[in-house]
Amino acid sequence: SVKQLPGNQCAFFTDQIRLQALKETEIESDGKIGINAGQFIAHFQPKVNIQKGNRIVGAEALARWKHPEKGMIPPDEFIPIFEKTGLIAELDRSIFCEACRWLHSYLAEGNQPISIAVNVSRLGLLEPDFIEYYTKVKEQYQIPDNVLQLEFTESLALGDDDMFNHIVRILQSKGFTCSLDDFGSGYSSLNVLKNLPVSVLKLDMLFFRKSVDIKRERIVVSNIINMARELKIKTIAEGVENTETVDFLRAAGCDVIQGYIFSKPLSQEEFGCLIREMGDRAMPLCGEREDT
Ligand code: C2E
Ligand code: MG
Ligand code: MG
Ligand code: MG
């Protein structure tokens with residue numbers, strides 16, 4: 001027999017869908033306006049090299065929406081909708097421009113180059129002028145080679161291997177570093193690795209979450225790191241929150257950590273202050289840093 005929902009529960013359900021749809025159209029139309037009005041800003045989360053004295057070696061630029069009425073909106077609430085509507089490619093570009101602008105003024109002060117990564121969505125990569133645009137902006141802001149990093153998600157690499165690999169090779173010849181984001185969160189990851197020309201692998205934070213058995217987690221993670229090293233691919237561990245994981249990852253040969261254990265994403269001003277303050281010194285583990 002077919003199960004039937006009671007009438008009122010059905011009505012509740014469709015109300016939820018309608019509400020959700022309304023919210024999505026609102027976010028989309030507000031988003032269009034917001035991108036042009038400069039409401040989207042990039043926060044920078046430090047990346048720390050745990051093999052070289054816990055020094056800051058770069059940052060990832062992460063989009064934040066300063067909505068005029070709703071306040072700060074986190075990416076999870078607008079990225080999936082922008083991905084559906086196509087607005088994501090425009091957002092990617094505006095965050096990229098911001099990262100280049102920041103780097104330009106940082107370098108103009110005579111500082112040593114520091115790597116800044118931005119996320120590139122599938123739709124962004126599929127824009128016909130994708131390579132041309134990113135290269136043009138890089139040149140406009142006089143950013144040296146091997147400073148800008150582009151993060152692509154695993155699902156992207158899986159869609160159309162040949163095309164993706166081709167684009168990555170061109171980008172690398174234009175002085176971009178390419179990395180595979182959220183590695184291990186999707187499907188057939190190991191198969192992808194065979195032909196992948198990227199030089200950095202970002203281990204998804206799922207590896208460091210809710211493991212039933214920490215021994216098994218470590219076996220999996222250290223073997224991925226070994227495999228990457230043999231393929232001449234650097235590894236970044238994302239979402240690391242505790243000291244034990246840092247110690248394990250260092251011993252396992254992971255190069256870089258990006259996680260709350262060192263720092264949450266910071267405003268550009270905060271990040272600028274932090275690297276100037278740290279210089280060549282080791283980043284303290286979170287909680288140990290004195291407030292300045
Ligand atoms: P992602 O690229 O994998 O970025 C890492 C996410 O993990 C960030 O979330 C960061 O704040 C969070 N994170 C880092 N360390 C920790 C930790 O120790 N613990 C926990 N719980 N979280 C940590 P955020 O900023 O909310 O961004 C979420 C996702 O939104 C990003 O994941 C990325 O996929 C997407 N995103 C953000 N900005 C952009 C953008 O400009 N373009 C595109 N296409 N996607 C973006
Ligand atoms: Mg990323
Ligand atoms: Mg990631
Ligand atoms: Mg992610």
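Taking the range 80-105 as the range and being among the aliphatic types (A, V, I, L, M) and more than 8 Å from ligand 1 (Cβ to nearest atom) as the test, the residues that pass are Ile81, Leu87, Ala89, Ala99, Leu103.
Filtered by the rule that a residue be within 16 Å of ligand 2 (Cβ to nearest atom) and of a type in the set (D, E, K, R), the range 94-127 gives Glu98, Arg122. Gln149 passes every criterion in (1) crowded, with 20+ Cβ neighbours inside 10 Å; (2) polar (S, T, N, Q); (3) not in a strand (DSSP E or B) apart from (3). The conditions of being modelled with pLDDT under 95, assigned to a helix (DSSP H, G or I) and within 16 Å of ligand 4 (Cβ to nearest atom) are not met by Ser185.
Within the range 102-118, residues that are surrounded by 19 or more Cβ atoms within 10 Å (Cβ to Cβ) reach partners that are in a helix (DSSP H, G or I) with beta carbons closer than 6 Å, at six or more positions or on different chains, in the pairs Trp102/Gln268; Ile116/Ala99; Ile116/Leu103; Val118/Ile95; Val118/Phe96; Val118/Ala99.
Say we look at the range 232-262 and pick out the residues that are of a type in the set (A, V, I, L, M) and more than 22 Å from the chain's Cα centre (by Cα); which of these is farthest from ligand 4 (Cβ to nearest atom)? Can you show your working first?
So the first thing to find is which residues in the range 232-262 are of a type in the set (A, V, I, L, M), and the list is 233, 236-237, 240, 246, 249, 251-252, 256-257, 261.
Retained after the next criterion (residues that are more than 22 Å from the chain's Cα centre (by Cα)): 251-252.
Details: Ala251: 26, Ala252: 22 Å.
In this case the residue turns out to be Ala251.
Look at the range 180-191: where a residue is closer than 13 Å to Ile233 by Cβ and within 14 Å of ligand 2 (Cβ to nearest atom) and a partner is modelled with pLDDT of 75 or more and of a type in the set (A, V, I, L, M), sitting 6+ places away or on another chain with Cβ atoms under 6 Å, you get Leu180/Val198; Leu180/Leu201; Phe183/Leu201; Phe183/Leu203.
Screening Leu196 with (1) under 24 Å from Leu103 (Cβ atoms); (2) surrounded by 14 or more Cβ atoms within 10 Å (Cβ to Cβ) gives one miss only, at (1).
Out of contact with any strand residue (DSSP E or B) (no Cβ under 9 Å at 6 or more places or on another chain), of a type in the set (A, V, I, L, M) and either farther than 16 Å from Met283 by Cα or assigned to a helix (DSSP H, G or I) (or both), is that true of Ile95? Write out each step before concluding.
Numbers: out of contact with any strand residue (DSSP E or B) (no Cβ under 9 Å at 6 or more places or on another chain): no; of a type in the set (A, V, I, L, M): yes; either farther than 16 Å from Met283 by Cα or assigned to a helix (DSSP H, G or I) (or both): yes.
So Ile95 fails the test.
Annotation: of all residues in the range 63-79 being more than 9 Å from ligand 1 (Cβ to nearest atom) and out of contact with any strand residue (DSSP E or B) (no Cβ under 7 Å at 6 or more places or on another chain), the one that is nearest to Glu28 (Cα to Cα) is Glu77.
When you look at Glu60, is it touching a strand residue (DSSP E or B) at 6+ places or on another chain (Cβ under 7 Å), acidic (Asp, Glu), in a helix (DSSP H, G or I) and within 24 Å of Cys273 (Cβ to Cβ), yes or no?
Details: touching a strand residue (DSSP E or B) at 6+ places or on another chain (Cβ under 7 Å): yes; acidic (Asp, Glu): yes; in a helix (DSSP H, G or I): no; within 24 Å of Cys273 (Cβ to Cβ): yes.
Considered against the rule, which asks whether it is touching a strand residue (DSSP E or B) at 6+ places or on another chain (Cβ under 7 Å), acidic (Asp, Glu), in a helix (DSSP H, G or I) and within 24 Å of Cys273 (Cβ to Cβ), Glu60 comes out as no.
Considered as a group, the residues in the range 271-292 that are open to solvent by 80 Å² or more (accessible area, probe 1.4 Å) and touching a strand residue (DSSP E or B) at 6+ places or on another chain (Cβ under 8 Å) include one that is modelled with the lowest pLDDT, and that residue is Asp280.
The number of residues in the range 119-129 that are surrounded by 19 or more Cβ atoms within 10 Å (Cβ to Cβ) and in a helix (DSSP H, G or I) comes to 3. Residues in the range 236-254: is at least one closer than 23 Å to Asn146 by Cα, open to solvent by 30 Å² or more (accessible area, probe 1.4 Å) and touching a strand residue (DSSP E or B) at 6+ places or on another chain (Cβ under 7 Å)? Checked against the condition, which is being closer than 23 Å to Asn146 by Cα, open to solvent by 30 Å² or more (accessible area, probe 1.4 Å) and touching a strand residue (DSSP E or B) at 6+ places or on another chain (Cβ under 7 Å), the range 236-254 yields no hits at all.
Counting only residues that are touching a residue at least 12 places away in the same chain (Cβ under 8 Å) and β-branched (Val, Ile, Thr), give me the helices (runs of 4 or more DSSP H) lying completely in the range 212-292 with at least 2 of them.
Numbers: elements: 214-230, 243-252, 268-278.
Hits in the range 212-292: 214-230, 243-252.
For the range 82-89, state whether one or more residues are touching a residue at least 40 places away in the same chain (Cβ under 8 Å) and outside any helix (DSSP H, G or I). Yes, the range 82-89 contains a residue that is touching a residue at least 40 places away in the same chain (Cβ under 8 Å) and outside any helix (DSSP H, G or I). Please go through (1) over 22 Å from Pro113 (Cβ atoms); (2) surrounded by fewer than 21 Cβ atoms within 10 Å (Cβ to Cβ); (3) within 16 Å of ligand 2 (Cβ to nearest atom) for Leu203 and return the number of the only condition it doesn't satisfy. It is condition (2) that Leu203 fails.
The values are calculated or read from the model by the stated rules, or taken from the named source; none is laboratory data. These numbers were taken from a predicted model, which means no experiment stands behind them. Positions of Cβ are backbone-derived with ideal geometry, glycine not excepted, and every protein chain shown enters the neighbour counts. Heavy atoms of the whole protein, side chains included, go into the accessibility calculation; ligands, DNA and RNA do not. Shrake-Rupley method; radii C 1.70, N 1.55, O 1.52, S 1.80 Å.
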